Each structure stands twice: as C-alpha cells, then as structure tokens.
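The values are calculated or read from the model by the stated rules, or taken from the named source; none is laboratory data. These numbers were taken from a predicted model, which means no experiment stands behind them. Here the Cβ positions follow ideal geometry from the backbone for every residue, glycine too, while neighbour counts run over all protein chains shown.
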Amino acid sequence: MKDLTAKEKAKELVEQFIHASGSTCDHDSYCSQPECQWYGRLVCCVDIMKAKKYAIIEIDALIIQNGELYLNGLDGIYYRTKNSYLFEVKSEIEKL
C-alpha cells in the first residue's frame with residue numbers, strides 16, 4: 001500500500017466525507033457555479049464545506065489521541081513524525 005502525501009490524504013478524507021454526507025444542496029439543483037466544482041465534478045459547495053469541517057475534526061481527534069498516547073509512553077520519534085504528518089494533512093484540508 002502506497003503512503004499518501006499530505007495533499008493526497010487531505011483530498012481523500014474530504015472526498016470520503018462528501019460521499020458519506022450525501023447531497024444537502026442549498027441550490028435548486030446541482031449547478032455549474034464555480035464554488036460547486038470539486039476536481040471536475042459538480043458537488044454542492046455546502047457539501048464541500050461540511051466535508052472539510054468533518055475531515056478537520058477527524059484529524060484533530062487523531063492529533064489529540066497521539067498526544068495522549070505519547071504521555072502514556074508512545075515512542076517520541078514516532079509521535080513527532082506522525083503528528084507532523086497530521087498537521088500537514090490538516091493544513092492541506094484547509095487549502096482545499
């Protein structure tokens with residue numbers, strides 16, 4: 001299994017949450033407005049914003065969990081490496 005870059009992981013997480021949340025479009029129907037475009041597909045901008053919010057919540061939970069594990073004896077190098085990656089993913093989600 002290939003390790004994903006932070007940018008790839010961010011996109012993957014947001015797409016998973018877009019798919020999981022279904023359509024709650026505030027427009028009459030899916031439209032061709034620029035804000036409703038997601039990598040060439042029509043996806044309501046409301047769905048994209050919710051998916052980004054959910055993805056950030058998930059990443060924040062992982063960061064907190066790693067911190068708690070570190071306090072309970074998790075290897076320091078692993079902790080710093082993993083959390084560095086998670087912070088990169090969070091940053092990439094915010095850029096999407």
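Brief remarks follow.
- Any hit, the stretch 42-61, residues being β-branched (Val, Ile, Thr), exposed (fewer than 13 other Cβ atoms within 10 Å of the Cβ) and at pLDDT 80 or above: yes
- The residues of the stretch 87-96 that are in a helix (DSSP H, G or I), of a type outside the set (Lys, Arg) and under 10 Å from the mean Cα position of the chain (by Cα), listed by number, are Val89, Ser91, Glu92, Ile93, Glu94.
- Selection over the stretch 66-80 of residues that are part of a helix (DSSP H, G or I) and surrounded by 12 or more Cβ atoms within 10 Å (Cβ to Cβ) gives a count of 7.
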